[in-house]
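One structure below.
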Amino acid sequence: MGNHSSGARLLIEEAGKRFGDKIVLEGVKLDIPAGQFVAIVGRSGCGKSTLLRLIAGLEEPTQGRLALDDSEINGIREDTRMLFQDARLLPWKRCVDNVKIGVKSGSGDKEKALEAMGLVGLRDRAKEWPGVLSGGQRQRVALARALVGEPRLLLLDEPLGALDALTRIDMQQLIEELWAKQQFTAVLVTHDVSEAVALADRVILIENGHIALDLMITLDRPRERDNDFVHFEKLILDRILERGKHEQRVVSYSI
Ligand SMILES: Nc1ncnc2c1ncn2[C@@H]1O[C@H](COP(=O)(O)OP(=O)(O)OP(=O)(O)O)[C@@H](O)[C@H]1O
Ligand SMILES: [Mg+2]
């Protein structure tokens, strides 16, 4: 797997999504340059996954349009891959064969799949069944399956949500490393503000179906959890909790 998969620019123009009478997203405008790492945060039910599904072409907007480089997004695409909270591996296929599914059509050789297993540090587990791997290892296989297709856009919907804290940090580092190497554009949905600040060039907060905050994280990489880091974390958390206060909600520190 070479280094020839470069990122795509994602343009979202006044996009909205309604389900029946329920407006989930409205007038969302975003211009994400090629290769940028964007994190999307916001309270449960604010529309994060819906936005990601629009970008993935899994749902159609009821308003506006979305485009990748110069082509309108109107269905799933070969150059876009998605990672979910669960690895979604086929239990009856060995790990390497699960990864092979992600190889671009026409170039499906096992060597590529093995190489991708190597990228995520699991080459020696290639012949095993998904069922004998740990949750974190399964998630790495899913990452290999996504990356073997040399995506220009990688979408991640809380991919680390089910992992323990240490495995999570390992995975964050792996994702950052592979993103730096392959230069795809990344959009990560997470409920973890600290994860957003650790990984993203830019954090978007969604509230009431709108973008409530669009913040550049101007920290050098690799990032350390120093004072500047905490400053960004606090800025975002305070902004999220502000609304909770107005609504007289019980404030909780995990969103
Ligand atoms: N297919 C659908 N039909 C009807 N309503 C939907 C559909 N998909 C999502 N919704 C509604 O849209 C809203 C936003 O859902 P979404 O899954 O995007 O939230 P989220 O921000 O990802 O939340 P969480 O953090 O809990 O994953 C919710 O109120 C949800 O019930
Ligand atoms: Mg969601």
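When the chain is treated as a GNM with alpha-carbon contacts under 10 Å, the residue of 168, 225, 65 showing the greatest mean-square fluctuation is 225. Here r is the Cβ-Cβ distance between residue 94 and residue 180 and R0 is 22 Å; the resulting FRET efficiency, rounded to 0.05, is 0.15. Note on the chain: with a GNM built from Cα contacts shorter than 10 Å, the maximum mean-square fluctuation among 117, 216, 171 falls on 216. With Rh defined as the Kirkwood radius, the inverse of the mean 1/r over Cα pairs, the Rg/Rh of segment 54-212 is 0.97. Phi angles across segment 59-74 convert, under the Karplus curve 6.51 cos²θ - 1.76 cosθ + 1.60 with θ = phi - 60°, into 3J(HN,Hα) values of 10, 9, x, 8, 8, x, 8, 10, 9, 10, 6, 9, 10, 5, 7, 9 Hz, Gly and Pro given as x.
Quick one: work out the % antiparallel among DSSP beta bridges in the chain, nearest 5.
Numbers: 20 of 37 bridges.
Around 55 percent antiparallel, to the nearest 5.
Listed by chain and number, the aspartates and glutamates whose alpha-carbon sits under 15 Å from that of residue 181, ignoring those within fewer than 8 places in the same chain, are 115, 150. Size descriptors for segment 89-150 (Cα atoms only): Rg and Dmax, in that order, 10.0, 31 Å. For segment 89-150, the Cβ-based charge dipole about the Cα centre amounts to some 140 debye (Lys, Arg positive; Asp, Glu negative; other atoms uncharged). Computed over the chain with a Gaussian network model linking Cα atoms closer than 10 Å, the most mobile of 136, 47, 121 is 121. Per-residue Cβ neighbour counts within 10 Å put 160, 119 in the sequence 119, 160, beginning with the fewest. Sorting 179, 129 from the fewest to the most surrounding beta carbons within 10 angstrom yields 129, 179. Test of understanding: extend the Cα→C-beta vector of residue 165 to 7 Å, then name every residue of segment 20-47 with backbone N under 17 Å from that spot. No residue passes the distance filter. Each label was represented as a point 7 Å from its Cα along the Cα-to-Cβ direction; for residue 63 and residue 208 these points are 1.3 nm apart.
FYI, it's all coordinate maths here, none of it is from the lab. Computed from a prediction, not measured in an experiment: that's the story for all the values here. With ideal geometry, Cβ positions are generated from the backbone for all residues, glycine too; neighbour counts draw on all protein chains shown.
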